[in-house]
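Okay, structure first, notes after.
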Amino acid sequence: MGEFTPLYIVGAIIGAFTLLFVAAFITLKRRKAVVTFDRNVPDREIMARMLPYAKPYWKSFLAVLIMMLLAIAYDILSPLLVGDIEGIIKEDGFALRDLFIRVGVYAGILAVSLVSTYFQSIVLQKTGQKILSALRQDLFTHIESLSHNQLNQIPVGKLVTRVTNDTNAISMMFTNILVNMIRNVFVIVGVLAAMLLLNYELTLMVLCFIPFLVLFTVIFRTFTRRVFRTVKDRTTDINTYLSENLSGIKITQIFNREDAKMQEFTEKSRGLRIARRNMTLVFGIFRPMVYMLYISSVLCLLYLCGRGYIRETHFLGQTIQSQTLVSFYMYISRFFNPIQTLAEQFNQLQSAFASAEKIFTIFDMEPELVDEPDAIELDHIEGDIEFRDVWFAYVPGEWVLKGVSFHVKPRETVAFVGATGSGKTTILSLMCRNYDIQKGQILIDGIDIRHIKVSSLRRHFGQMLQDVFLFSGTIRSNIVLREESFTDEEIWQACRYVNADHFINKLDGGLDEVVRERGNNFSAGQRQLLSFARTILHRPEVMILDEATANIDTETEILIQDSLEKMKNIGTMLIVAHRLSTIQHSDNIILLSHGEIKEQGTHQELLHKKGRYYKLYMLQFHEQQKQLEKNA
Ligand SMILES: Nc1ncnc2c1ncn2[C@@H]1O[C@H](COP(=O)(O)OP(=O)(O)O)[C@@H](O)[C@H]1O
Ligand SMILES: [Mg+2]
């Protein structure tokens, strides 16, 4: 028994660790703390949906495969070459010539392997970037096709993660994870074949360690899923928190909430730190475990062979040649390494699948507002708008508009008044079909808007809203907006028309003055003037002004009033304004309350009626009087 004691010791150590591991695993499983990836769709289905993105590049992948085989040749051949001791150490000393030949061959194989690895990674990088950009583009286009209603349901932060991180994970899966997994499988098979050829008894000895390796790997995977998941959740958590709070940072500063926010952030940051520490810990346990198995198998190899040489006994009836010993020694490391990485890559693959599933959930959101197959294109509209008993709810059951009917004739100016939340903005956004109505009909020039192509419909509307969105770029790019080319003269004309030319003229850059994110280097009034110019330039047949004059000082308002008068000549105009003075010259004034039309008519008609409009008007009139008295 004594001569095998070292082997028993090795066995005991491995056994003890295995028991420890299994015990830990069972405990965790009992506590139901074992987490699976958040997945509903089977791997095969996801793979089938992702493959089309890689398919156009099958030639590149084939080239990669060939280069990979060349690179693997080094892993398989070099141990044989190095192990061939008997070829160079002869009875009468070194066979120098043979040594040099072998060094030359070794260097040659190494060079081939390095060069092919180099080109392999270049091809993979290029292909990966192409797949990534195709996927990103598709996703972005798809997101753009979603309706306002659908977009309201997904936080912007999440969409950003989908388009950046998750697409990246898929591209990485093709170019990094899958390719390396294939490579590792090849290496394992190749090394195993070479070992079997050299000495199958020793190979069997090495294989004795494999069940342990498999066991460790299985357990490791359940642990890593858990930590991976936590790390991902915590990262999303921090990202969402950051994106929201960085947007609102000015409010934080104004309300002196920095300390509280800092504490919240520290808390989240700590969460991520702990999750990452746990991840390191799990890997820190798994890798040494595999290393222990590797070292144990090397120990067994050395022990068995060394014992044979010293005692001149035989291992399973044979003397192991020095060549076999050296080659085996090298092969063992080449065997364990890919198995260990394979386990880790399997996790990455699962995580990439999870990303893919998230992306496909977005792809699976069918755009709600699709054109009917026979939807028509409108080159020009007269600007006749009719609502026929329109019912609409953002949330099913909670009616925001209840049977709204009105008719706007071409080139008329119609104003909507009513308390906040009465449905004014909703009416205006239904016209351009930002949402579909549940009951009733909306007609443009007598055609139901559902029969008109959405893009064609929206082209005829110019919207000027209270919160103007400016993109980062220049004044010019923000006015032109679409790709159509306008001459500077046309742009200036539009600016003059809405009296935006005064302030643009004062800028150093003129039309080329830089606009920063959301236009934060301009005042609210200036932004509004720019949005007017933007609308005018595109000569819409219907213009919508939704509280667009709210941010403007009296002086500018006079300018705006002036341009509003001019704009009335361009086409139909729909206005929402709180100051009744802005709208009193409208052809029709519609008063809304809780989604219903209560009164409509001209300013004079409504005043005569002495109804709600009259009350509203008197209220504002008295306010004005008070203001004037105060100023005087
Ligand atoms: N995207 C939305 N989702 C759900 N409800 C909304 C949405 N937008 C507006 N609402 C609700 O619809 C009602 C009418 O809003 P809105 O048309 O914006 O009013 P107004 O412009 O007259 O102030 C409000 O009660 C508001 O809460
Ligand atoms: Mg509104």
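Read-outs throughout are calculated quantities, based only on the coordinates presented, and are distinct from any laboratory measurement. The structure displayed is predicted, hence computed values, not measured ones. Here Cβ is always computed from backbone atoms with ideal geometry, including for glycine, and neighbour counts include all displayed protein chains.
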Cβ-based exposure ranking for Ser405, Ser456, in which fewest neighbours within 10 Å come first
Ser405, Ser456
Once the Cβ-Cβ distance between Ile254 and Ser456 is put in as r, and R0 is 51 Å, what FRET efficiency do you end up with, to the nearest 0.05?
0.70
The ³J(HN,Hα) series, computed from each phi in region 221-237 with the Karplus coefficients 6.51, -1.76 and 1.60 at θ = phi - 60°, rounded to the nearest Hz and given as x for glycine or proline, is 4, 5, 5, 5, 3, 4, 6, 4, 4, 4, 4, 4, 4, 5, 5, 4, 4
When averaged across all projection directions, what area in nm² does the alpha-carbon convex hull of region 42-139 cover?
8.4 nm²
Ranked on Cβ counts within 10 Å of their own Cβ, fewest leading, Trp391, Trp492 go Trp391, Trp492
Out of residues 5 or more away from Glu412 or on other chains, whose amide H comes under 5 Å of its own, with H placed 1.01 Å from N in the peptide plane?
Met573
Holding the Cα-Cα limit at 24 Å, pick out from Lys158/Lys261; Lys402/Lys424; Lys250/Lys358; Lys59/Lys130; Lys126/Lys158; Lys232/Lys358 the pairs that are longer than that.
Lys250/Lys358; Lys126/Lys158
Base-10 log of normalised Debye intensity for the chain (one unit scatterer per alpha-carbon) at q = 0.07 Å⁻¹:
-0.70
State the extension gain, in nm to one decimal, for the chain segment bounded by Phe471 and Lys630, taking 0.36 nm per residue of separation less the distance between their alpha-carbons.
53.1 nm
Rounded to whole Å, give me the distance from the Cα center of region 416-481 to that of region 323-374.
44 Å
Inter-label distance, nm, simple model (7 Å from Cα along the C-beta direction), Tyr200/Thr602
10.6 nm
Give the lysines reachable from Lys609 as a straight Cα distance under 17 Å; neighbours fewer than 8 places away on the same chain don't count.
Lys598
Evaluate the distance, in nm, between pseudo-label points positioned 7 Å from the Cα of Leu96 and of Gln584 along their respective Cα→Cβ axes.
11.3 nm
Under 18 Å Cα to Cα from Lys268, which aspartates and glutamates show up? Leave out anything in the same chain fewer than 8 places away.
Asp233, Asp237, Glu244, Glu258, Asp259
Sorted from fewest to most neighbouring beta carbons within 10 Å, what does the list Val227, Val64 look like?
Val227, Val64
Hey, could you grab the Kirkwood Rh for region 461-539? Inverse mean 1/r over distinct alpha carbon pairs, Å, one decimal.
12.2 Å
DSSP bridge orientation in the chain - percent antiparallel, rounded to nearest 5:
55 percent
Taking a cut-off of 14 Å between Cα atoms, list the aspartates and glutamates near Lys610, but don't count ones fewer than 8 places away on the same chain.
Glu599
Report ³J(HN,Hα) in whole Hz for each residue of region 434-442, in order, from the Karplus equation J = 6.51 cos²θ - 1.76 cosθ + 1.60 where θ = phi - 60°; Gly and Pro get x.
5, 9, 8, 7, 8, 9, x, 8, 10
Are there any GluC sites (Glu not before Pro) in region 34-135 that are in a DSSP loop and have at most 15 other Cβ atoms within 10 Å? List them by number.
Glu86, Glu91
Dividing the helical contributions, -39500 (n - 2.57) per DSSP H run of n ≥ 4, by the residues of the chain yields a 222 nm value, nearest 500 deg cm²/dmol, of -21000 deg cm²/dmol
Treating region 512-555 as a set of equal point scatterers at the Cα positions, no solvent, please give the Debye-formula log₁₀ I(q)/I(0) at q = 0.18, 0.27 Å⁻¹.
-0.62, -1.07
Take every Cα pair under 8 Å in the chain that's 6+ residues apart, average their separations, divide by the length, and report that relative contact order as a whole percent.
14 percent
Under-5 Å amide H pairs with Val576, H placed in peptide plane, nonlocal only
Phe416, Leu545, Asp546, Glu547, Ala548
Which whole-number percentage describes the relative contact order of region 461-539, with Cα contacts under 8 Å and a sequence gap of 6 or more?
52 percent
Can you tell me how much longer the chain between Tyr394 and Leu19 gets when fully stretched, taken as 0.36 nm per residue apart minus their C-alpha distance, in nm with one decimal?
129.1 nm
